[in-house]
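Asks: This is the structure I want to talk about, given as structure tokens.
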Number of protein chains: 4
Amino acid sequence: MTLDEVRAFFDAELPFCRELEITCEAIALDLGVARFSYTERWTRPGGFINGGTLMALADVAVFIAMFSRSGIVPLAVTNELKINFLRPAIGRDVLAEARLRKIGRRVAFADVDLFMDGERDRIVAHASASYHLPG
Amino acid sequence: MTLDEVRAFFDAELPFCRELEITCEAIALDLGVARFSYTERWTRPGGFINGGTLMALADVAVFIAMFSRSGIVPLAVTNELKINFLRPAIGRDVLAEARLRKIGRRVAFADVDLFMDGERDRIVAHASASYHLPG
Amino acid sequence: MTLDEVRAFFDAELPFCRELEITCEAIALDLGVARFSYTERWTRPGGFINGGTLMALADVAVFIAMFSRSGIVPLAVTNELKINFLRPAIGRDVLAEARLRKIGRRVAFADVDLFMDGERDRIVAHASASYHLPG
Amino acid sequence: MTLDEVRAFFDAELPFCRELEITCEAIALDLGVARFSYTERWTRPGGFINGGTLMALADVAVFIAMFSRSGIVPLAVTNELKINFLRPAIGRDVLAEARLRKIGRRVAFADVDLFMDGERDRIVAHASASYHLPG
């Protein structure tokens, strides 16, 4: 899987990601990174980037990490996701870095660190999610 | 709290909800309901409404349910949220119905059923979330 | 499924439940109830019943609720579980009431209310979990 | 904090850990490790170590990791915990390694890898949890 292939898939099949300002940043074995490009449009009172956007970002990062083992699987769907918001996410791009921890025939699982661009050691949120791979 | 007051708050302070097609449907003591008005724009391959939209919908429903006890608290923020996707959400409006289970001085907790409009007994997802109330 | 059948299964196959003071309280369609019989032995500083015991209790309640549809499936295993502790659990029996929300060929999902005996409207914890049904 | 201090606290205040065969294995800055010493007593059909024991193990590991920053806080309590079971845990000791990701005045958060002794790269479960620090 190359980054260009993943980006082409997102452009063709997940056009809503562009509206959410979410793009694929990197893919490597067991790793997927997604970027939220900061815009005031997705903020809420206090200037916080809204939680829904960060959850979508985490979800997308897991999707990419999974592709690093499975190839592109358009019909894979999220089984469950959970996220803890740990610090304010304000005024800058956010990166979500997903690490694939297991992939079987039917299920993939990854955990995800979210951090402001340039502050990888100070996460703003932590998530984990599992995906269902179609039969 | 009246529904009109909550809607006025959303219009003024959470304009991104309109972009996500999320609106307040109902508020009652310990109860908050949010609606996603179906549009193809937020779907993904297979016609599924994308998970990020449903997570944002669940999050908003909890926000409304909390308001039923706390009044409008613009700076309350989500601490953590988790969701299980149980059945396909395709081609129709989705409602998220949050039930407030506890509210203290600092923390509120609710669980949420998500279902297709008209099919309340057959949930498409279940979520729960806690919010932090500012000091 | 009768309560006696479930209890016989627990006695024969899950002897550790007796050590945890966990027993089957009730089974009905889509419903499973488990009881923790209070003992100081499983408490921690402050007199709180320890979280591990309550997590085991929630897990067992889901197992029972699943049996109401699947019959006894000894090799079904927990996929994932999450729990929020909402109020102190001190000095009395705790009941966990699981409601089965979905069961497919391979996966079952339930949410669970935990409450002190006699205080069903004031939950001490809320959990949800999914089980994997063997092929 | 030394390992001996933590162990002395567990012996004095959390005697149920001994019954669960859970002991403190290591403590270092932002890190806590707990061990489950294998015994058939806590297994279930199929020989699996039961989920409740692994959840208690994860919970304890987070408690230890928190102590590395806060010192011993007997009355800190678990807010919420979630766990995914990824591979069978059978027939050997299990280690839970918690990494503290944030600690504020009131809340601490850690994620946890659980693995069979000697197989740190092949986790059997992943958890995360937050604790409430008393005022």
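Asks: Can you pull the mean other chain C-beta count within 10 Å for peptide B:52-59? Could the numbers behind the result be given before it?
Replies: Details: counts 15, 5, 4, 11, 8, 1, 2, 5.
Taking the mean over all residues of the peptide, I get 6.
Asks: Can I ask one more? Give me, ordered by chain and number, the residues 5 or more places off D:Asn79 or on other chains with an amide H under 5 Å from its own placed amide H.
Replies: Residues meeting the amide H criterion: D:Ser130, D:Tyr131, D:His132.
Asks: Under 10 Å, Cα contacts only: if you run a Gaussian network model on chain B, which one of B:Val94, B:Val62, B:Val77 comes out with the highest mean-square fluctuation?
Replies: B:Val77
Asks: Output, in nm with one decimal and in ascending order, the distances from the C:Leu29 label point to the matching label points of the other copies (7 Å from Cα along Cα-to-Cβ).
Replies: C:Leu29 label point versus its equivalents elsewhere: 3.2, 5.3, 6.1 nm.
Asks: Sticking with this structure for a sec: Rounded to whole angstrom, how close does the nearest chain B beta-carbon get to the axis mapping B onto C, and which residue is it?
Replies: Spelled out as residue then distance in Å, it is B:Lys82, 3.
Asks: For chain C, what does the relative contact order come out to in percent, with C-alpha contacts under 8 Å and a separation of six or more?
Replies: Taking the mean separation of contacting Cα pairs over the length of chain C, I get 24 percent.
Asks: Report, for B:Ala12, each distance to the same residue's label point in the other copies, shortest first and in nm; define the point 7 Å along Cα→Cβ.
Replies: Copy-to-copy label distances at B:Ala12, shortest first: 4.8, 5.5, 6.6 nm.
Asks: Report ³J(HN,Hα) in whole Hz for each residue of the stretch B:103-113, in order, from the Karplus equation J = 6.51 cos²θ - 1.76 cosθ + 1.60 where θ = phi - 60°; Gly and Pro get x.
Replies: 9, x, 5, 10, 9, 10, 9, 9, 10, 9, 9
Asks: For the residues C:Tyr131, B:Tyr38, what sequence is obtained by ranking on other C-beta atoms within 10 Å, fewest first?
Replies: Details: C:Tyr131 25, B:Tyr38 18.
Ranked by crowding around the Cβ, least crowded first: B:Tyr38, C:Tyr131.
Asks: Would you work out if the protein assembly as shown is rounded, prolate or oblate? Take a ≥ b ≥ c from the square roots of the eigenvalues of the alpha-carbon gyration tensor; rounded if a/c is under 1.5, else prolate when a/b is larger than b/c, oblate otherwise.
Replies: Values: a/c = 1.39, a/b = 1.33, b/c = 1.04.
Judged from the Cα gyration tensor, the protein assembly as shown comes out rounded (a/c under 1.5).
Asks: May I pose another question? Taking the Cα centre of chain B as origin, work out the dipole magnitude from +1 charges on Lys and Arg Cβ and -1 charges on Asp and Glu Cβ, in debye rounded to 20.
Replies: The calculated dipole for chain B is roughly 440 debye.
Asks: Relative contact order for the stretch B:22-86: what percent, with Cα pairs under 8 Å and sequence separation of 6 or more?
Replies: Relative contact order, the stretch B:22-86: 35 percent.
Asks: Take C:Ser37, D:Ser130 and order them by how many other Cβ atoms sit within 10 Å, fewest up front. Numbers along the way, then the final one.
Replies: Values: C:Ser37 14, D:Ser130 22.
With the fewest neighbours first, C:Ser37, D:Ser130 line up as C:Ser37, D:Ser130.
Quick note: the coordinates plus some simple rules give every number you see, no bench work behind them. Fair warning: this is a prediction, and the values are worked out from it, not measured in the lab. As a convention, Cβ positions derive from the backbone with ideal geometry for all residues, glycine included, and neighbour counts pool all protein chains shown.
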